[in-house]
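Student: Here it is: the structure, laid out below.
Every number in this text was worked out from the coordinates using simple rules, so none of it is lab data. Fair warning: this is a prediction, and the values are worked out from it, not measured in the lab. Cβ: placed from backbone, ideal geometry, glycine included. Neighbour counts: every protein chain shown.
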Amino acid sequence: MVVSLKQVLVKAQKGHYAVPAFNINDLEILEAVMRAGKKMRSPVILQTSEGAIEYAGMEYLVAIVEVAAKSRLPVVLHFDHGKNLSLLHKAIDSGYSSVMFDGSLLPYEKNLHETKKVVAWARRRGVSVEAELGAIKGVEDLVSVSAREAILTNPLQAADFVHKTGCDALAVAIGTSHGAYKFRGNPKLDIERLKKIKRTVKIPLVLHGASGVPRDILKMAMKCGAELGDAKGVSDTEIKKAIANGVCKINIDTDLRLAFTAAMRCALKKDKKAIDPRKILGPAMELMTDVAERKMRLCGSVGKA
Ligand code: G3H
Ligand code: 13P
Ligand code: ZN
């Protein structure tokens, strides 16, 4: 059944585990995540970016998720990184059970004001709201304290923001970034900052840019022709530390993309005569299912559905 993000995350917070949230763009990715959720008996968070909506269409995405959610698993349909307010409004009216308003690039007061407006709309429909404070982007070059402070989430400001907006979950910036190239040097998160945020903010926290770029899948992709030499993600150890310090939602897109394309590349390389898309998409789905299962185990969401 479709449930709200708040329902899933409050339970996770109480149980000291996290739930992975997967970006979906098509039927293969959705089905891979659902298969993993059913096998692991884990709650499932499916999220679509504005790019996914542009690619597949909101109606199609909502329709396939509604079919998938006929299972007994709790399924959240979440709008990821919503910046376009009319699209966000449309998502609320179309069956999404959760939306993220991403005002992270706005000045603080404007982010606060806009987030508050979104919370007011969403509340009336029983839809949850995730907000963001701080910027999710690489911080390795930020050597000065002031440069880090300008980018990463400020714990006191986070408390003020959550209190004034009434959002249900908060995405924090502690050194992760989106995509496959997250770190050049030391792949460490700012866990001390996260600890301070956890002390001041009582709602579930969200970690964006949480893909691990698994070595085995990276090697497989490269063996089959990918050029992804310097790709590096967040280690499982850092993810576990983040979960131990208040993170209840772990956002994963890159690792699914990597698995999807690695399996496709290898299927095409192996069978140069292949023209049946199912022979290429089938292995892609299998490898994405494996990745989703790994994330559920890492997050501790196995058996929590
Ligand atoms: O947060 C970013 C997600 O990976 C979605 O990426 O905007 O290319 O769909 P996208
Ligand atoms: P990754 O690029 O690390 O998978 O992060 C995805 C994400 O944060 C989606 O919102
Ligand atoms: Zn993100």
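Student: So what are the ³J(HN,Hα) numbers for the stretch 61-69, from phi and the Karplus equation (6.51, -1.76, 1.60; θ = phi - 60°), rounded to whole Hz, Gly and Pro as x?
Tutor: 4, 4, 4, 6, 5, 4, 5, 4, 7
Student: Using θ = phi - 60° and the Karplus curve 6.51 cos²θ - 1.76 cosθ + 1.60, what whole-Hz ³J(HN,Hα) does each residue of the stretch 12-26 get, with Gly and Pro shown as x?
Tutor: 5, 4, 5, x, 6, 9, 10, 10, x, 10, 10, 7, 10, 10, 7
Student: Additional query: Which length gain, in nm to one decimal place, applies between Ser94 and Asp276 when the Cα-Cα distance is subtracted from 0.36 nm times their residue separation? Don't skip to the answer; put the middle values down first.
Tutor: Numbers: separation 182, 0.36 × 182 = 65.52 nm, distance 3.40 nm.
So the extension gain works out to 62.1 nm.
Student: Let me see the P(r) profile for the stretch 76-127: every Cα-Cα distance counted, bins of 10 Å, each bin given as a percent of all pairs.
Tutor: 27, 58, 15, 0
Student: Can you tell me how the stretch 49-96 classifies by the Cα gyration tensor, rounded, prolate or oblate, using a/c under 1.5 as the rounded cut? The partial results should precede the final answer.
Tutor: Working: a/c = 2.16, a/b = 1.76, b/c = 1.22.
Verdict is prolate for the stretch 49-96.
Student: Here's something else I'd like to know. Sequence-distant or interchain residues sharing an amide H contact under 5 Å with Lys232, placed H: which?
Tutor: The list, which skips near neighbours in sequence, is Tyr181, Lys182, Phe183.
Student: List the chymotrypsin sites (Phe, Trp or Tyr not before Pro) in the stretch 161-238 that DSSP assigns to loop (not H, G, I, E or B) and whose Cβ has at most 14 other Cβ atoms within 10 Å. Which are they?
Tutor: Values: sites: Phe161, Tyr181, Phe183; in loops: Phe183.
Answer in residue order: no site qualifies.
Student: Please give the peptides 25-32, 242-249 ranked by average Cβ packing (other Cβ atoms within 10 Å per residue), highest first, as a rough proxy for protection. Walk me through the numbers on the way to the answer.
Tutor: On the way: 25-32: 19.6, 242-249: 23.0.
So the order, starting with the most tightly packed, is 242-249, 25-32.
Student: Taking the dipole about the Cα centre of the chain, with the C-beta of Lys and Arg at +1 and of Asp and Glu at -1, give me whichever of Gly82, Pro20, Gly51 is farthest to the positive side.
Tutor: Pro20
Student: Over all Cα pairs of the stretch 17-115, how is the pair count split among 5 Å bins, expressed in % and running from 0 up to the last occupied bin?
Tutor: 2, 13, 25, 23, 16, 12, 6, 3, 1
Student: List the residues of the stretch 111-133 whose backbone N lies under 15 Å from a point placed 7 Å from the Cα of Lys164 along the Cα-to-Cβ direction.
Tutor: Once the point is set 7 Å along Cα→Cβ of Lys164, 111-119, 132-133 turn out to lie under 15 Å by backbone N, inside the stretch 111-133.
Student: Now, a different point. What ranking do 272-279, 229-236, 125-132 get when scored by the average of other Cβ atoms within 10 Å per residue, highest first? Provide the component values of the computation, followed by the final result.
Tutor: Values: 272-279: 9.1, 229-236: 16.4, 125-132: 24.2.
In descending order of packing, they fall as 125-132, 229-236, 272-279.
Student: Here is a follow-up. Residue by residue, what Karplus-based ³J(HN,Hα) values in Hz, rounded to whole numbers, does the stretch 222-229 have, using 6.51, -1.76 and 1.60 with θ = phi - 60° and x for Gly and Pro?
Tutor: 5, 4, 9, x, 6, 10, 9, x
Student: Give the shape of the chain as rounded, prolate or oblate, defined through the alpha-carbon gyration tensor: a ≥ b ≥ c are the square roots of its eigenvalues, a/c under 1.5 means rounded, and otherwise the shape is prolate if a/b is larger than b/c and oblate if not.
Tutor: Values: a/c = 1.72, a/b = 1.27, b/c = 1.36.
Verdict is oblate for the chain.
Student: Report the calculated FRET efficiency for Leu228 and Lys14 (r = Cβ-Cβ distance, R0 = 30 Å), to the nearest 0.05. Walk me through the numbers on the way to the answer.
Tutor: On the way: r = 39 Å, r/R0 = 1.29.
Efficiency at R0 = 30 Å is approximately 0.20.
Student: Which trypsin sites (Lys or Arg not before Pro) does the stretch 147-200 hold that lie in a coil by DSSP with at most 15 other beta carbons within 10 Å?
Tutor: Working: sites: Arg148, Lys164, Lys182, Arg184, Lys188, Arg193, Lys195, Lys196, Lys198, Arg199; in loops: Lys182, Arg184, Lys188.
In loop regions of the stretch 147-200 (DSSP not H, G, I, E or B), the sparsely surrounded trypsin sites (Lys or Arg not before Pro) are Arg184, Lys188.
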